[in-house]
1. Taking the options 100, 166, 138, 94, name whichever one is among the β-branched types (Val, Ile, Thr), more than 13 Å from the chain's Cα centre (by Cα) and under 14 Å from residue 52 (Cα atoms).
2. For the range 137-161, what are the residues that are loosely packed, with under 12 Cβ neighbours inside 10 Å and either without any contact (Cβ under 8 Å) to a residue 12 or more places away in the chain or within 22 Å of residue 85 (Cα to Cα) (or both)?
3. Just to be sure, is residue 131 surrounded by 15 or more Cβ atoms within 10 Å (Cβ to Cβ) and assigned by TED's automatic domain parsing to the domain that holds residue 87?
4. Is it the case that the range 105-128 has a residue that's over 17 Å from residue 75 (Cβ atoms), outside any strand (DSSP E or B) and of a type in the set (Val, Ile, Thr)?
5. Does residue 115 qualify as being modelled with pLDDT of 90 or more, aliphatic (A, V, I, L, M) and closer than 16 Å to residue 165 by Cα?
6. Of all residues in the range 124-136, how many are more than 17 Å from residue 107 (Cα to Cα) and free of Cβ contacts under 8 Å to residues at least 60 places away in the same chain?
Amino acid sequence: MRVRYSLFNKFLVNIISITAFALLSFGCQANDNNANADKINKEPLQQWQGDLPLAVLKQLPPASYKAGMGYINNQKTLDVIWPAIQNDTAKPDINFEKNIIVYVYNREFYNRTRISKIEVRSGVAEIIAMETLSALPIKDKVAFAMVLIEKEGITGLQTTDGLLTIYQQP
C-alpha cells in the first residue's frame, strides 16, 4: 500500500517542522541566556608574564602546583614569586584585602602564556588563557602569567583537576 501525500499534508509537515525548530532554538537560547545571567567578567587591574624557576614554583601550595593555575592572596607568597618572575621591576603595592592575583602556567611544555579573561559564575572564577605552542619540554623554568583582579564575589578557582577553594586571609 502506497501512501500519497497531498500538497496540504506537505504544507502541514513543513509548518510543524519550522515551528518545532523555532521553539527548540528559542528554548536553547533562553537556557544559554540564563546560564550567562550570573556571569561576571573580572577586568584585570594589572598583568605580568615571565619565567619562573621550578625551584620557586615548587614553593607554591601543592594543589595549585598540580593544577597549573592558582592564586596569591598574601604578601608572603608574592615576596617569594616576584623576584623570580619580575626581577627588574619594582614589586607593586597590592591590597590583598580587596584584590587577588590569579596565575596560570603550562605543566608540560614551556609555552608563553597570557591570561585573556577571567569569568566568574556563582563565585567560581575561570581563567581563560592563550599560549604559544611549542614542543619544548620544561627543564628548569616555566612561562608564568599573573593577573591582579578584585576578589569580591570569588570563592573558588576552576581548574582542570576540579575546584580550588580560595581561602581568605585572617
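The values are calculated or read from the model by the stated rules, or taken from the named source; none is laboratory data. Nothing here was measured: the structure is a model prediction, and the numbers come from that model. Don't worry about glycine lacking a Cβ; one is built from the backbone with ideal geometry, like all the others, and counts go over all protein chains shown.
1. Working: 100 fails: under 14 Å from residue 52 (Cα atoms); 166 fails: under 14 Å from residue 52 (Cα atoms); 94 fails: under 14 Å from residue 52 (Cα atoms).
Only one candidate qualifies: 138.
2. 137, 139, 140
3. Spelling it out, residue 131 is indeed surrounded by 15 or more Cβ atoms within 10 Å (Cβ to Cβ) and assigned by TED's automatic domain parsing to the domain that holds residue 87.
4. First pass over the range 105-128, keeping only residues over 17 Å from residue 75 (Cβ atoms): 105-128.
When the remaining residues are screened for being outside any strand (DSSP E or B), the result is 106-108, 110-112, 122-123.
From the residues that got through so far, the ones that are of a type in the set (Val, Ile, Thr) too are none.
No.
5. Details: modelled with pLDDT of 90 or more: yes; aliphatic (A, V, I, L, M): yes; closer than 16 Å to residue 165 by Cα: no.
Spelling it out, it is not the case that residue 115 is modelled with pLDDT of 90 or more, aliphatic (A, V, I, L, M) and closer than 16 Å to residue 165 by Cα.
6. Filtering the range 124-136 for residues more than 17 Å from residue 107 (Cα to Cα) gives 124-126.
Then keep just the ones that are free of Cβ contacts under 8 Å to residues at least 60 places away in the same chain; that gives 124, 126.
Residues in the range 124-136 being more than 17 Å from residue 107 (Cα to Cα) and free of Cβ contacts under 8 Å to residues at least 60 places away in the same chain: 2 in total.
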